Amino acid sequence: MKLSSMGYSLRDAFRSLWRNKFMTIASVATVAISMVILGAAWILVLNTEYLASTMESELEINVYLEKELTRDAALEIKDKIQKVSGVEEAVFIAKEEGLEDMEERFGEESDLLQSLGGVNPLPDVYRIKALDGDLVPQIASELAALEGIETVRYGQGFVEKLLSLTDWLRTVGLGVIFAVGLAAIFLIATTIRLTVFARRREVTIMKLVGATNWYIRWPFFLEGMIIGFAGAFLAVMSIYFIYGQLVQNISVMVSFVPIMTDQGVLYNIYKNLLLMGTAIGALGSAVSLHRFLKV
Amino acid sequence: MYRGDLIIMIKMVNVSKVYQGEVKVRALSHINLHIDRGEFVFIVGPSGAGKSTLTRLIIREELPTSGQIIVGGKSLPRLKEKEVPLLRRKIGFIFQDFRLLMERTVYENVAFAMEAIEIPRSTVRERVPAVLEMVGLKDKMSMYPHELSGGQQQRVCIARAVVNDPLIIIADEPTGNLDPDNSWDIMRILAAINKRGTTIITATHDREMVDKMKRRVIALSDGEIVRDEERGTYRNEA
């Protein structure tokens with residue numbers, strides 16, 4: 001296959017696309033729909049992960065110290081806490097501060113300390129952030145073993161559930177992406193098979209006059225790649241506009257739901273969708289050519 | 001390539017072809033044959049005598065069950081899959097049913113054979129009109145096959161066969177669908193191509209044609225060569 005005959009291949013590919021207009025439109029549309037589903041699944045998974053990581057990053061471990069601990073002893077524990085692996089930061093909240101917080105929440109006119117008989121019932125607290133949400137349960141159990149600590153709270157049960165939900169969504173998302181990708185490959189393979197069939201006379205003559213196998217295959221490959229790219233391009237445009245609208249509406253209506261808007265990540269998805277569309281097109285052609293164009 | 005190859009275009013040694021189906025069919029048995037460069041050969045015989053099998057073996061559409069075939073100095077049974085296109089570039093084909101591409105013009109049909117073997121466009125633009133002029137269709141270049149008569153379509157087919165300057169032309173019943181006048185045109189063109197040194201092998205039923213042309217005749221019957229004579233006729237007159 002000479003590079004200079006690429007012109008012939010491109011011309012033949014476009015000629016065939018044009019001649020089978022309806023089939024071309026149908027397969028571009030199916031690729032576009034498949035890629036929209038794929039892209040939507042992808043963005044959904046990313047958003048769930050984003051949601052999960054946002055929630056994870058807001059997770060805190062509250063460490064309640066023993067009440068009879070002196071202030072100096074309480075402050076010394078900070079070193080030990082920070083030595084536990086996975087701890088990002090530990091903030092000390094003295095019992096007086098805790099009471100003030102509580103008073104603020106109950107309202108200015110109340111005097112909690114007085115009504116409690118002048119004794120502050122609250123312990124000193126460390127508020128701890130973990131480097132990674134995954135590490136929270138393990139850090140908590142290590143902290144509980146430290147001396148001078150009364151209890152450790154981090155919303156036991158909730159974190160574990162959230163984490164397993166993210167894992168599950170990731171697996172399902174991958175499964176959906178895989179299935180839809182396979183369907184798109186199959187559809188393109190069908191289209192190429194039809195165009196091979198429509199051009200079987202040309203193929204016979206090409207073989208008889210001594211065309212190399214690659215020269216015969218190239219136009220079909222290009223056809224599949226063009227269909228794949230065009231479909232993926234349409235899908236990317238749709239996702240771009242629909243997701244843009246969705247982001248605007250959601251951030252106005254339900255502002256507490258975190259939604260992923262990182263342009264870098266989104267452009268990466270678009271780029272990958274285009275690449276995958278083209279690759280799926282080439283793969284679909286290869287499947288068909290292998291079976292129906294024994295050259 | 002030693003000198004013998006330059007003279008002998010096609011050589012078959014003890015070639016047999018058996019089709020394995022529900023019933024074994026022996027299409028050719030123990031064929032021995034030489035065809036020299038520049039010869040004009042008719043292959044005659046009734047349907048099923050093995051004419052088509054013989055041509056299919058020469059272009060290596062099929063391999064012989066046993067025996068050796070050498071075309072243009074290359075042994076076909078030993079030819080690698082990759083080398084088949086190169087062999088076929090040395091051979092031009094003409095079919096009874098023309099096998100033109102109906103949705104392409106006369107020019108495009110001929111150019112198609114050059115493009116398929118990746119000849120640059122500038123060469124194609126020069127060569128195609130010259131070949132069409134030789135077959136007398138220069139003024140029909142932009143017409144479609146359905147706008148032409150059978151004889152004209154067959155001339156397009158010839159133009160397509162010669163455009164890549166093959167060493168051998170194989171014609172399978174080239175005049176089978178044509179009336180006598182058109183048949184003669186086709187034969188005159190083939191004879192002219194033959195004069196320039198191209199080996200021509202024509203499988204035919206056309207008795208009158210064979211008798212008038214007075215060329216080498218190879219007669220097949222039940223897969224065997226029953227007669228091979230220079231300046232022969234369709235039936236054995238001896």
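The values are calculated or read from the model by the stated rules, or taken from the named source; none is laboratory data. This is a predicted model, so every value here is computed, not measured. Glycine gets a Cβ as well: all are built from the backbone with ideal geometry, and neighbour counts include every protein chain shown. Each accessible area value is taken on the protein alone, full model and side chains, heavy atoms only, with ligands, DNA and RNA left out. Shrake-Rupley method; radii C 1.70, N 1.55, O 1.52, S 1.80 Å.
Between the beta carbons of residue A:102 and residue A:132, assuming R0 = 25 Å, the FRET efficiency works out to 0.25 to the nearest 0.05.
Taking the DSSP beta bridges with both ends in the protein assembly as shown, the antiparallel portion is around 65 percent. Taken along the Cα-to-beta-carbon direction at a fixed 7 Å, the label points for residue A:151 and residue A:11 span 8.3 nm.
I'd like the interface area for chains B and A: accessible area of each alone minus the complex, both sides summed, 1.4 Å probe, protein heavy atoms only. What is it in Å² to the nearest 100? Chain pair B/A: roughly 2100 Å² of buried accessible area. Largest GNM mean-square fluctuation among B:129, B:145, B:85, using chain B with Cα springs under 10 Å: B:85. Put simply, the amide H of residue B:94, placed in the peptide plane, has neighbours under 5 Å in B:170, B:171, B:172, leaving out anything fewer than 5 places away on its chain. For segment A:67-83, backbone phi angles converted through the Karplus equation (6.51, -1.76, 1.60; θ = phi - 60°) give residue-by-residue couplings of 5, 7, 4, 6, 4, 4, 4, 4, 5, 5, 4, 3, 4, 4, 4, 6, 6 Hz, Gly and Pro being listed as x. Taking every residue in B:109-118 and counting other chain Cβ atoms within 10 Å of its Cβ, the average works out to 6. How large a share of the accessible area of segment A:1-154, in percent, is made up of carbon and sulfur atoms when the probe is 1.4 Å and the other protein chains stay in place? Answer for segment A:1-154: carbon and sulfur cover 57 percent of the accessible area.
Summing +1 for each Lys or Arg and -1 for each Asp or Glu among the other residues whose beta-carbon sits under 12 angstrom from that of residue B:28 gives +1.
Listed by chain and number, the lysines whose C-alpha is less than 20 Å from the C-alpha of residue A:129, apart from same-chain residues fewer than 8 away, are A:78, A:80, A:83, A:95, A:161. Computed over chain A with a Gaussian network model linking Cα atoms closer than 10 Å, the most mobile of A:65, A:208, A:266 is A:208. Cα centroid separation, segment B:43-78 to segment A:208-275: 52 Å. Take every pair of alpha-carbon atoms less than 8 Å apart whose residues are at least six positions apart; their mean separation over the length of segment A:60-153 yields a relative contact order of 50 percent. With the convex hull drawn over the C-alpha atoms of segment B:69-137, the volume per residue is 133 Å³. Across segment B:47-60, rounded Karplus estimates of 3J(HN,Hα) from the backbone phi angles (6.51 cos²θ - 1.76 cosθ + 1.60, θ = phi - 60°) give 4, x, 7, x, 4, 5, 4, 4, 5, 5, 6, 5, 8, 6 Hz, Gly and Pro being marked x. When the listed pairs B:138/B:214; B:11/B:80; B:24/B:82; A:21/B:138 are checked against a 27 Å cut-off, the alpha-carbon distance exceeds it for B:138/B:214; B:24/B:82; A:21/B:138. Every helix of 4 or more DSSP H residues in the protein assembly as shown counts as -39500 (n - 2.57), and over all residues that averages to -18000 deg cm²/dmol at 222 nm. The Stokes-Einstein estimate for segment B:136-227, based on a Kirkwood radius over Cα pairs and taken at 37 °C with 0.692 mPa s viscosity, is a diffusion coefficient of 229 µm²/s.
Within the listed set A:141, A:34, A:53, the residue fluctuating most in the Gaussian network model of chain A (springs between alpha-carbon atoms under 10 angstrom) is A:141. Placing unit charges on the Cβ atoms of the charged side chains and taking the dipole of segment A:139-222 about its Cα centre, the candidate lying farthest along the positive direction among A:189, A:141, A:166 is A:189. Summarising the overall dimensions of chain A from its C-alpha atoms, the Rg and Dmax are 31.1, 106 angstrom.
Less than 5 angstrom separates the built amide H of residue B:40 from those of B:200, B:216, all sequence-distant by 5 or more or on a different chain.
For segment A:60-153, the Cβ-based charge dipole about the Cα centre amounts to some 360 debye (Lys, Arg positive; Asp, Glu negative; other atoms uncharged). Applying a DSSP loop filter and a limit of 14 other Cβ atoms within 10 Å to the GluC sites (Glu not before Pro) in segment B:172-238 leaves B:230, B:237.
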